[in-house]
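Asks: Submitted below is the structure of interest, expressed as structure tokens.
No value in this document is a laboratory result; all are computed from the given coordinates. Being a predicted model, the structure only gives us computed values, none of them experimental. Cβ atoms come from the backbone with ideal geometry, glycine included; neighbour counts cover every protein chain shown.
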Amino acid sequence: MKNILVPTDFTVDALVILKKAIEQENEAHNFILVYGKHLPGSISELMFFSKSTLLSSLESKSFTEAKGILKNRYASRIKTLRTAIFHGTNHSAFENFIKANKIDKAYIPENPKSLHPSIKKGFDLIPFIKKSGLELSLVAYNDHSQVNMDEVLAKLLVP
Amino acid sequence: MNTRNKIILSLTALVLVYILIFCGFIYFSIENYSYVDFYKRLEIRAVTAAKIELEHRQDRDILLEIRQDFLEKLPDEKINIADLSGVDPRAKAKKLGVPVSFIEEILHRGKGFYNHENTYFSGIQYETQGKNYLVIASAENYYNTHHNAYLKNLLLAALLVSILIITFFAYLFSKMVFRPVKNIIDKMREISSENMHLRLEVPKNNEELKNLTLTFNDMLNRLETSFETQKNFISNASHELNTPLTSIMGEADVTLAKQRSEEEYRTALGNILEDAEKLSKKTEALLLLAHTGFNGKVQKFEDIRIDELILEAEQTTHKIYPNAQIHIDFDLLPEASEKLNVKGNRQLLHMAVSNILLNACKYSDFKEVRVALGVSDDNIIIMIKDKGIGIPKQEMQYIYDPFFRASNTGKYHGYGIGLPLSRNVIQMHKGILSVFSAENEGTTVEIKLPVCK
């Protein structure tokens, strides 16, 4: 059993990476969707900062629904599926993040520009993942033709 | 009592209670202060009198003069000095008209205070040249009778005036607060079924009233739409029902105009039968629509496997359109098959799904139609996607109106009942039917049904 990191940008589209990652693995693993976002800069925002509130504000209804579909589809291959946020700014922080979450492997899209974390004011995780010593697997996913927030589930169900 | 009067009354009462507490506090603390102050004055007088009379007898005249210059004379001022050794408290008390306890208090504690009605007594023990004296000064308290009474009257008058002022301001305040509400009421009175297009003006700087007017406007929008729908429905329905009827009447009229051969009668009757069948289909569809739209009706619900239902619907579609291309994608079907169960009415759900499949095939000229099924934690999601003519964006809001047909559907045969009927059925199962479409690109229909738990 491994802990597998999959970068996400909280669009239904990007769950295709997760789907392909699950399909490439044969056993049941723990999957962690990771998003990069800086901590708020002001002290008042930091005081009332809560990870769960942030996560629920990032996850749209259709994203949660799509996650549920995948979980049901691959019930025997997904041991756990959770979402985590990386707040760090440098490489060693990311190494610590990997160590803390005991991550063994990562799946990243072939085209590094196909994820759009900036839509929800996050930063790109791909350079961090590439630089770390993790076992990497590339996934064919680069047909992110148009960036819109009209997240219909159709994108996952009827590609 | 209306809210405006309530505001005036409660505001006045609130401020009045506050002022009353405030006035009471001032009055009683001033009274207490003057009381203590008067005893102090009497004590000073007692001490000075004792000093003059007992210690500086030789300078008595000068001291008396100074005293008269600097200590004002109190009304009914009396000073009584007695040698303590020869004093019997009872006789002394009786002589001065004070209770014995007052004299005893002076003897015991060195000084004492007492007042009887408006006459105040202050007594001390004075020790000089090895002898103890009892000095008692008494006077009428002028401040209590005059100053305090004046203060009382002043506060009462101020209270009355402030009630008037507060009531006036509360009135102005409530008028100011309720002016926009009154405006809304006046405007709402103007709007009736005749001029449903009128809308309320949205105030800019009042959050609550802004929400209220927006809600009103929203409600008016919905009302207007439903009025329109009703109007459209009646005209559409009568038109739809009238067409086959006119055709039947025309056919019969022409046939009856002169004697015809048996063959001709046969064709004419055949045409009439065809039109009558059309009419019957339409009324049947209308009846179904009315039934499914009715909320209170008890439906027989059973457990249905949704994947079976989709396959059945596909077969039905193939029977009607043999050249339909339907691709069913069960790739995302859950591993646990019990999650595919839905509580519902089989006939109705079958009709709803096949209606949408038929539409997808028909309006895409039998191009590929993709159907996908997925199950999330709460919903079963059926996605039906075609690459057909789509729906014009400005007509999206009318697609659920019975008999409405989009402007680009001219060359396709249909009544405009299928989609509203499907939607009614899905809503009956507590599901959601949503349509996403772009003209000339295709339409995606998403059906969400709650998972049977």
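Asks: Looking at region B:100-115 only, could you name the residues that are surrounded by 13 or more Cβ atoms within 10 Å (Cβ to Cβ), out of contact with any Gly (no Cβ under 6 Å at 6 or more places or on another chain) and either touching a residue at least 40 places away in the same chain (Cβ under 8 Å) or outside any helix (DSSP H, G or I) (or both)?
Replies: If the condition is that a residue be surrounded by 13 or more Cβ atoms within 10 Å (Cβ to Cβ), out of contact with any Gly (no Cβ under 6 Å at 6 or more places or on another chain) and either touching a residue at least 40 places away in the same chain (Cβ under 8 Å) or outside any helix (DSSP H, G or I) (or both), then B:LYS111, B:PHE113, B:TYR114, B:ASN115 are the ones that fit.
Asks: A further question on this structure: Residues that are within 14 Å of chain B (Cβ to nearest Cβ) and either surrounded by 13 or more Cβ atoms within 10 Å (Cβ to Cβ) or within 17 Å of the chain's Cα centre (by Cα) (or both): does region A:29-50 have at least one?
Replies: Within region A:29-50, none of the residues are within 14 Å of chain B (Cβ to nearest Cβ) and either surrounded by 13 or more Cβ atoms within 10 Å (Cβ to Cβ) or within 17 Å of the chain's Cα centre (by Cα) (or both).
Asks: Still on this structure, please answer the following. Quickly run through region B:403-434 and pick out the residues that are within 14 Å of chain A (Cβ to nearest Cβ) and either touching a Lys or Arg at 6+ places or on another chain (Cβ under 6 Å) or crowded, with 16+ Cβ neighbours inside 10 Å (or both). Talk me through it step by step, then tell me what you get.
Replies: The first filter runs over region B:403-434 and keeps only residues within 14 Å of chain A (Cβ to nearest Cβ), leaving B:431-434.
The answer is B:GLY431, B:ILE432, B:LEU433.
Asks: While we're looking at this one, here's another question. With respect to B:ILE26, determine if the residue is under 47 Å from the mean Cα position of the chain (by Cα), among the hydrophobic types (A, V, I, L, M, F, W, C) and assigned to a helix (DSSP H, G or I). Give the steps one after another, and end with the answer.
Replies: Working: under 47 Å from the mean Cα position of the chain (by Cα): yes; among the hydrophobic types (A, V, I, L, M, F, W, C): yes; assigned to a helix (DSSP H, G or I): yes.
Here the answer is yes, as B:ILE26 does meet what is asked.
Rundown of residues vs (1) crowded, with 16+ Cβ neighbours inside 10 Å; (2) within 30 Å of B:ASP88 (Cβ to Cβ), yes/no style:
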position	(1), (2)
B:ASN132	no, yes
B:LEU151	yes, no
B:ILE166	yes, no
B:PHE173	no, no
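Asks: Related question: If you check B:ILE124 against the conditions, is it β-branched (Val, Ile, Thr), surrounded by 16 or more Cβ atoms within 10 Å (Cβ to Cβ) and outside any helix (DSSP H, G or I)?
Replies: yes
Asks: With (1) part of a helix (DSSP H, G or I); (2) buried (at least 20 other Cβ atoms within 10 Å of the Cβ); (3) not hydroxyl-bearing (Ser, Thr, Tyr) as the list, and A:GLU23 as the residue in question, which single condition is left unmet?
Replies: It fails just one condition, (2).
Asks: Further question: For region B:197-223, enumerate the residues that are within 30 Å of B:LEU287 (Cα to Cα) and either touching a residue at least 40 places away in the same chain (Cβ under 8 Å) or surrounded by 15 or more Cβ atoms within 10 Å (Cβ to Cβ) (or both).
Replies: B:LEU220
Asks: Only residues that are outside any helix (DSSP H, G or I) and surrounded by fewer than 11 Cβ atoms within 10 Å (Cβ to Cβ): list them for region B:251-279, please.
Replies: B:ALA257, B:LYS258, B:GLN259, B:SER261 - these are the residues of region B:251-279 that are outside any helix (DSSP H, G or I) and surrounded by fewer than 11 Cβ atoms within 10 Å (Cβ to Cβ).
Asks: Would you point out which residue out of B:ALA50, B:ALA13, B:ALA91, B:ALA46 is part of a helix (DSSP H, G or I) and touching a Gly at 6+ places or on another chain (Cβ under 9 Å)?
Replies: B:ALA46
Asks: Could you please give the count of residues in region A:51-73 that are more than 14 Å from chain B (Cβ to nearest Cβ) and in a loop (DSSP other than H, G, I, E, B)?
Replies: 0
Asks: Which residue out of A:SER76, A:SER92 is of a type in the set (Ser, Thr, Tyr) and within 14 Å of chain B (Cβ to nearest Cβ)?
Replies: One residue alone meets the criteria, A:SER76.
Asks: Take the conditions under 30 Å from B:PRO450 (Cβ atoms), over 45 Å from the mean Cα position of the chain (by Cα) and either outside any strand (DSSP E or B) or of a type in the set (A, V, I, L, M, F, W, C) (or both) and apply them to B:GLU240. Does it pass?
Replies: In short, no.
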